[in-house]
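The values are calculated or read from the model by the stated rules, or taken from the named source; none is laboratory data. What you are looking at is a predicted structure, and each value in this text was computed from that prediction instead of being measured. All Cβ positions, glycine included, derive from the backbone under ideal geometry; neighbour counts span all protein chains shown.
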Amino acid sequence: MAFVVARPKGRFEIRESVHTPQGPRARSLANFKELDEEVLDRARRRATRPFDTNAVRAAAARAAAARSAPGPIPRHELPATRQFVEASRRMAAYFSRRTAWFRSTSSLVYRRVPVLGAAGASSGR
């Protein structure tokens, strides 16, 4: 049975599956940009298996529809990805402010709290 596949630059190809000793293969019957009777006749002449014109027309319509369908949304444009990036930026800004505050506060604390050394470590017993 013949089928239609989309090719680069807006072209299509009618192919048929053929069984060989090396396994199944696809034979090209005709290439086209617009499907017309001449293309169908050329494919019908080259076909080695039964050729159903109506099935090929339907397959060509499906292939054209599949080509014009919008593709998947790139990952970096997904709403969840945008939300994640915005939350990450807010978190990074929060921690950068907090780290600056912690550094300044911790330096004050370390200066004011006496360091317990050998003399301060005695229990007073």
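No other residue among R45, R57 is among the basic types (K, R), in a helix (DSSP H, G or I) and free of Cβ contacts under 8 Å to residues at least 12 places away in the same chain apart from R45. Outside the structural domain of A6 (by TED's automatic domain parsing), at pLDDT 90 or above, part of a helix (DSSP H, G or I) and out of contact with any helix residue (DSSP H, G or I) (no Cβ under 8 Å at 6 or more places or on another chain), is that true of E38? Taking the combined requirement at face value, the residue does not satisfy it.
Pairs are defined by a Cβ separation below 7 Å, a sequence spacing of at least 6 or placement on different chains, a first member in region 1-25 that is touching a residue at least 12 places away in the same chain (Cβ under 8 Å) and small (G, A, S), and a second member that is in a strand (DSSP E or B) and exposed (fewer than 11 other Cβ atoms within 10 Å of the Cβ); the pairs so defined are S17/P24.
Quick check, is R25 assigned to a strand (DSSP E or B), surrounded by fewer than 12 Cβ atoms within 10 Å (Cβ to Cβ) and either basic (K, R) or touching a His at 6+ places or on another chain (Cβ under 9 Å) (or both)? Criteria met by R25.
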